[in-house]
Amino acid sequence: MNKDINILNRDSIFNPFLKTDIDPKKLIKLFSSKKDTFKSLYYQKLPKKYQLSEDLKSLIGVLDVHIAKDDFPDFLRALGAICTKTFIGAKRILFDISYSCNLDCLYCRRHSPINPGDEEKSLPERKHQFFPYEKLLLMLNDAQDMMVEEVLLVGGGEPSIHPQFFDIVKAVKERGFSLSFSTNGLNLTKKLADLVVEQQVDNLTVSVSGVSFESYKKTHPSMSQKGFDRLFNNFEYLHSKRRKYIAENKTEYSKPFCIFLHVITSDNYHEVIDMALIGQEYGFDTIWYKLVHPSDWSRHLCLNKEQAKQVKEDFHYLKKVAPNLKIKIDDYMDHEIENLNDTGDWSGYFHKEKRCFVGWNFSYVDLSTDYSFCCGDKIIGQSKDYKDYKSFWVSDEYKRARTCGRDFNYGAKNIKGYNGVSIIDDFCKSCDNTNFNEEMEALIKKYNFISFL
């Protein structure tokens, strides 16, 4: 063989065209087209000094399809999962921006008064720890370069307590990201409601978990009747603000898309139907139900067989009458309630049988600005070791974690993060990121990549 010929494999598929580790905008410019197929463009542009391995020829062979510019980012994520490579940034990044919280949800992994696991929660310096604003701006700039589409402000505390939260919202929107954030609603003041409507924040999730004071108090023991009433007054003002925006701008709809989230426990399971009706009354667009993450300290909050049976019946009833409601009954909990077992787990089937593709779709930046593999607090990179977020995204450490998640059920060795937590562990049995993984599965199927796994 001619020594001047370079053989390309899956992970080097784009090497002839790139001068940097990651440049999705250039790849889109080169290979997206409604006229020519990816296969034809690839062979047209491939320099003569390169040849493809037989494996890569087979992969290119299934890509005799047109891939439009708007579809190309998701195509690159799916292709990355097949090639064990990153050609583009995550679809979404979650920033955990606040350790502090103004509530004490019993099921919370960080602030529950009955969770003995987080020894740091009692430290005074922790109670006022926030994500550094300047560091966040730098990461947003990296995310722009890598074509990240959505920013999530969630995490283990209350995001809106961050002293620069208003500036963060504006910075995210100014950079063109879709913005979603979660809140418990207590800090959803008129000023904050005005901001999210005026900035047209894309999605707002309000985690409530109870629509009567009695049930709410059981899972939020510090809550008073006055605080509970203020919570729903906040919802009423937000709804009125959205209606006003529609009238003034003569549109049919106003962002944010408002999500009424309820974690279903043994204390509120009987309110499933009321939750939907009250959510509708206060102008929420959809309702999400979720089950409790089972842990030793929260096991009593999980549903027993009879409670689970009632929830399933009520949930199916709501789905049946959904066309007559003004609130969407989301299918977020479908897989959870259908796969719920006696231990409170709901995704054990996933843990045992499926591949995890979350590492190509989702990225979690911890409050300390370290990097977690998913919502399971699996620290796989420490920010001090990397020049910037982009260098971490393409790092060998992240690649090993992605490969572990993808191939663990097919012989890959499990690995541990910096905090000693394994990539695949019991948290996967009640996975928070199943919907993101399902997005990736659908894309891999769409582009006929399944046989290449």
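Can you name the residue in segment 311-329 that is basic (Lys, Arg) and surrounded by 14 or more Cβ atoms within 10 Å (Cβ to Cβ) and is also farthest from Asn268 (Cα to Cα) among such residues?
Top of the filtered list is Lys328.
Taking the options Glu236, Glu252, Glu214, Glu271, name whichever one is closer than 30 Å to Val321 by Cα, touching a residue at least 24 places away in the same chain (Cβ under 8 Å) and loosely packed, with under 15 Cβ neighbours inside 10 Å.
Checking each option against the conditions leaves just Glu236.
Determine if segment 16-30 includes at least one residue that is farther than 18 Å from Met146 by Cα and at pLDDT 95 or above.
yes
Could we say that Lys48 is surrounded by fewer than 14 Cβ atoms within 10 Å (Cβ to Cβ), of a type outside the set (A, V, I, L, M) and touching a residue at least 12 places away in the same chain (Cβ under 8 Å) here?
Taking the combined requirement at face value, the residue does not satisfy it.
For (1) among the charged types (D, E, K, R); (2) closer than 17 Å to Phe436 by Cα; (3) without any contact (Cβ under 8 Å) to a residue 40 or more places away in the chain, each residue gets a yes or a no:
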{"residue": "Asp314", "(1), (2), (3)": "yes, no, no"}
{"residue": "Asp334", "(1), (2), (3)": "yes, yes, yes"}
{"residue": "Asp342", "(1), (2), (3)": "yes, no, yes"}
{"residue": "Trp346", "(1), (2), (3)": "no, yes, no"}
{"residue": "Asp377", "(1), (2), (3)": "yes, yes, no"}
{"residue": "Lys387", "(1), (2), (3)": "yes, no, yes"}
{"residue": "Phe408", "(1), (2), (3)": "no, no, no"}
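Report, by residue number, each residue of segment 84-97 that is surrounded by fewer than 23 Cβ atoms within 10 Å (Cβ to Cβ) and in contact with a strand residue (DSSP E or B) (Cβ under 6 Å, 6 or more places away or on another chain).
Hit for segment 84-97 is Arg92, nothing else.
Looking at the structure I just gave you, is Thr343 closer than 30 Å to Pro132 by Cβ and either over 20 Å from the mean Cα position of the chain (by Cα) or among the polar types (S, T, N, Q) (or both)?
Judged against the criteria, Thr343 is not a match.
Can you work out which of the residues in segment 288-301 that are more than 23 Å from Ser182 (Cα to Cα) and in contact (Cβ under 8 Å) with a residue 24 or more places away in the chain is surrounded by the most Cβ atoms within 10 Å (Cβ to Cβ)?
Result: Trp297.
Quick test for you: out of Leu138, Leu27, pick the one residue that is in a helix (DSSP H, G or I), in contact (Cβ under 8 Å) with a residue 40 or more places away in the chain and within 21 Å of the chain's Cα centre (by Cα).
Leu138
Please give the helices (runs of 4 or more DSSP H) falling wholly within segment 330-387 in which 3 or more residues are buried (at least 18 other Cβ atoms within 10 Å of the Cβ).
Because the criterion is at least 3 residues that are buried (at least 18 other Cβ atoms within 10 Å of the Cβ), the helices (runs of 4 or more DSSP H) in segment 330-387 that meet it are 358-361.
Considering only residues of segment 206-251 that are assigned to a loop (DSSP other than H, G, I, E, B) and farther than 30 Å from Cys302 by Cα, which is farthest from the chain's Cα centre (by Cα)?
Lys250
The values are calculated or read from the model by the stated rules, or taken from the named source; none is laboratory data. Note that this is a predicted model, so its numbers are computed, not measured. Reconstructed Cβ throughout: ideal geometry from the backbone, glycine too, with neighbour counts over all protein chains shown.
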